[in-house]
Amino acid sequence: MAATKEEICIAQHLKAYVEQCKYREIASFAEPCEGCPLNKECDFEAYQIMGPFVEKAGVEFTPSSPDEFKNRLQRKVHKMQGQINELGEEKGRLMFSSRLDILDRMNIHN
């Protein structure tokens with residue numbers, strides 16, 4: 001039995017998110033569509049495709065705007081900086097180095 005367009009879409013997005021998480025990358029909602037075998041016939045409405053499955057499962061989520069996302073990250077940086085200060089600069093930077101590196105590459109600062 002062949003997979004439906006909806007099942008392929010959901011599987012493509014799930015695969016991309018798992019890969020992005022594995023490498024601590026920021027999830028890109030568009031990335032799975034770039035290499036999708038159905039992208040020539042797709043209207044790129046993944047939220048609409050996933051909506052019935054998500055609703056049936058009783059799961060709720062709302063994607064954030066880029067400004068909301070950046071504000072959230074800035075709050076995390078501020079909190080992390082407080083934790084670094086409590087631990088001492090050297091120990092704190094060592095403990096949070098991978099997170100700080102990611103935020104630095106994204107140009108997110110306190």
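The values are calculated or read from the model by the stated rules, or taken from the named source; none is laboratory data. Fair warning: this is a prediction, and the values are worked out from it, not measured in the lab. Cβ sites come from the backbone with ideal geometry, for glycine too, and all protein chains shown count toward neighbours.
Please go through (1) surrounded by fewer than 12 Cβ atoms within 10 Å (Cβ to Cβ); (2) at pLDDT 70 or above for P66 and return the number of the only condition it doesn't satisfy. The failed condition is (2). Close contacts from the stretch 20-44, counting a first residue that is closer than 15 Å to E6 by Cα and a second that is assigned to a loop (DSSP other than H, G, I, E, B) and polar (S, T, N, Q), with Cβ to Cβ under 8 Å and a gap of 6+ residues or different chains, come to C33/N39. Would you be able to say whether some residue in the stretch 41-60 is among the charged types (D, E, K, R), surrounded by 13 or more Cβ atoms within 10 Å (Cβ to Cβ) and part of a loop (DSSP other than H, G, I, E, B)? No, the stretch 41-60 contains no residue that is among the charged types (D, E, K, R), surrounded by 13 or more Cβ atoms within 10 Å (Cβ to Cβ) and part of a loop (DSSP other than H, G, I, E, B).
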